[in-house]
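Asks: Below you will find the structure I want to go over with you.
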Amino acid sequence: MKLPDDPAENLATLIRCPSVTPAEGGALSVLAAMLRPLGFSVERPSFSESGTPDIENLYARLSGNGPHLMFAGHTDVVPAGDDSAWTQPPFSGEIRNGEMYGRGAVDMKGGIACFVAALARHIEKHGNPKGSVSLLITGDEEGPAINGTVKLLDWAASRGEKWDAAIVGEPTNPDALGDMIKIGRRGSLSGSVTVHGRQGHVAYPHLADNPVRGLMTLVDALIEPPFDAGTADFQPTNLEITSIDVGNPAVNVIPAKATATFNIRFNDTWTAETVQAEIHNRLDTASRRKKYRKGRREPIEYDLAWRDRPSHVFLTRDDKLIETLSGSVRAVTGRTPALSTSGGTSDARFIKDFCPVVEFGLVGKTMHMVDERVAVTDLETLTQIYSRFIKDWFG
Ligand SMILES: [Zn+2]
């Protein structure tokens, strides 16, 4: 039987499934068809929650005696945008000048295609790995991420699944394969602060209380001073004001309220709870400042609302996992990858509650863009890196 050991072939098959979140698009079915001949048992749990679309997911397991490695990822993709702007149709998997085009080529059907090819090659050459391998694949990473990885992890764990390490195949390399392994991520938290004033005529400000003045003071306190200077493993914590809303169409009216929305990316100096406490503290202190509000006795009246659930910061400290992966990258590319915690959040933030997790995949340059594409040589290189990793980690 022909095993799925050609990453380009695997990827073209996956790209041809139009699996734009929340549609499965056939992508999990073709993946299941690749995994079964390798000996995997494949399950396809669907999850639902009111107010969100039902999502299909996949959990495949190859059982063996020894440690358990998880590969995690997603087959859903963001929309193609304007199809006619693409050099090759976005769901064609066509190759042009050595590059395969298609939505999901790097984010992250390509990572899945390479991992499957790496497993197939390992089994062809050495037989089954000396342990268990699972693929935990969601169809809900680019969407609300409610019926995806979080529930899939709980579902598998409730059936007794335990993992020793995980790799997420997201595109982690900024420019070339071998640039970067992600060994952690900053936390993320969003909120908004609303200042309540008193509406009135701009010509009679003493009869009103302009909330914009108070909001300027509070926003200033959110931005300065810096939260920290960064750590050995992380960039400095950073807060960005993402919107300031007054919604006042009149130039002669002092508005009644003003709101600022912000997001903070925080490092391991903090937890979500201590960041929240620090922000509360800054606002409370600033609310008594008189700058912009001369003659006002009462403190700035405001309320603070947190949005969504926070993403927690994490840093993986598993020498075997990190060194085996770095070593595999070095052996195949001749380059030493940076161990980084930069960038946005990913599903690794959920996996870290179950086992040590790192991320390594393709070059991310074209992800989410028109003409998302991957060099066919990169597919081969990543497959060799994953193959080497499987061999050495189970070694
Ligand atoms: Zn992705």
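Asks: Of the accessible area of the chain, with the probe set at 1.4 angstrom, what percent is carbon plus sulfur? Spell out each step's value before the answer.
Replies: Details: 8440 of 16950 Å².
C and S fraction of accessible area: 50 percent.
Asks: Pick out, from 384, 312, 368, the residue whose Cα sits farthest towards the positive end of the charge dipole of the stretch 263-395, with +1 on the Cβ of Lys and Arg and -1 on the Cβ of Asp and Glu.
Replies: 312
Asks: Please report Rg (one decimal) and Dmax (integer) in Å for the Cα set of the stretch 235-290.
Replies: Looking at the stretch 235-290, its Cα Rg and Dmax stand at 15.1, 47 Å.
Asks: I'd like to check one number: the per residue accessible area of the chain, probe 1.4 Å, reported in Å² as a whole number. Mind dumping the intermediate values first?
Replies: Details: 16950 Å² over 395 residues.
Here the residues of the chain average 43 Å² of exposed surface.
Asks: Based on the mean of other beta carbon atoms within 10 Å per residue, what is the order of 180-193, 235-248, 329-342, most packed first?
Replies: Numbers: 180-193: 22.3, 235-248: 14.4, 329-342: 16.6.
Result, highest mean first: 180-193, 329-342, 235-248.
Asks: Say the dipole of the chain comes from +1 at the beta carbon of Lys and Arg and -1 at that of Asp and Glu; which of 345, 30, 207 then lies farthest toward its positive end?
Replies: 207
Asks: Right, another one. Using the 2.2 N^0.38 Å rule of thumb for compact globular proteins, work out how the stretch 321-395 stacks up: its C-alpha Rg over that value, please. Write out the running numbers ahead of the final one.
Replies: Details: Rg = 13.7 Å, N = 75, 2.2 N^0.38 = 11.3 Å.
Rg over 2.2 N^0.38 Å, computed on Cα atoms: 1.21.
Asks: Could you name the lysines whose alpha carbon sits less than 19 Å from that of residue 294, not counting residues in the same chain fewer than 8 places away?
Replies: Here the lysines satisfying the reach criterion relative to residue 294 are 257.
Asks: Can you give the Rg/Rh ratio of the stretch 176-270, where Rg is from the C-alpha atoms and Rh is the Kirkwood radius? Don't skip to the end; give the middle numbers.
Replies: Details: Rg = 18.9 Å, Rh = 15.8 Å.
Radius of gyration relative to Kirkwood radius: 1.20.
Asks: Can you tell me the mean projection area, over all orientations, of the convex hull of the chain's alpha carbons? Units nm², please.
Replies: Averaging across all directions leaves 22.4 nm² for the Cα convex hull.
Asks: At each listed q (0.11 Å⁻¹), what is the log10 of I(q)/I(0) that the Debye formula gives for the stretch 1-145 modelled as equal alpha-carbon point scatterers?
Replies: -0.42
Asks: So how much slack lies between residue 368 and residue 199, counting 0.36 nm per residue of separation and subtracting their Cα-Cα distance, in nm?
Replies: Between residue 368 and residue 199, full extension yields 56.4 nm more.
Asks: Using a simple charge model, +1 on the beta-carbon of Lys and Arg, -1 on the beta-carbon of Asp and Glu, nothing else, what dipole does the chain show about its Cα centre, in debye to the nearest 20?
Replies: On the way: 42 positive and 50 negative charges, 204 e Å.
Its charge dipole is roughly 980 debye.
Asks: Can you pull out the GluC sites (Glu not before Pro) in the stretch 255-336 that DSSP calls coil and that have at most 15 other Cβ atoms within 10 Å? Mind showing how you got there, number by number?
Replies: Values: sites: 273, 278, 301, 323; in loops: 301.
Here the sparse-neighbourhood loop sites are 301.
Asks: Rounded to the nearest 500, what is the chain's calculated 222 nm mean residue ellipticity when only DSSP H runs of at least 4 contribute -39500 (n - 2.57) each, over all residues? Present the calculation step by step, with values, prior to reporting the outcome.
Replies: Working: 9 runs with 112 residues, N = 395.
Here the helix-only value at 222 nm equals -9000 deg cm²/dmol.
Asks: Which entries of 125/162; 109/130; 2/320; 2/391; 2/162; 2/182 show an alpha-carbon separation above 29 angstrom in the structure shown? Write down the numbers at each step before the final one.
Replies: Working: 125/162 27 Å; 109/130 26 Å; 2/320 33 Å; 2/391 21 Å; 2/162 31 Å; 2/182 34 Å.
From the list (125/162; 109/130; 2/320; 2/391; 2/162; 2/182), the Cα-Cα distance tops 29 Å for 2/320; 2/162; 2/182.
Asks: Which of rounded, prolate, oblate describes the stretch 197-320, given a ≥ b ≥ c as roots of the alpha-carbon gyration tensor eigenvalues and a/c under 1.5 marking rounded, otherwise prolate only if a/b is larger than b/c? Don't skip to the end; give the middle numbers.
Replies: On the way: a/c = 3.31, a/b = 2.51, b/c = 1.32.
It comes out prolate by the Cα gyration axes.
The values are calculated or read from the model by the stated rules, or taken from the named source; none is laboratory data. Note that this is a predicted model, so its numbers are computed, not measured. All Cβ positions, glycine included, derive from the backbone under ideal geometry; neighbour counts span all protein chains shown. Accessible surface areas use protein heavy atoms only, side chains included; no ligands, DNA or RNA. Shrake-Rupley method; radii C 1.70, N 1.55, O 1.52, S 1.80 Å.
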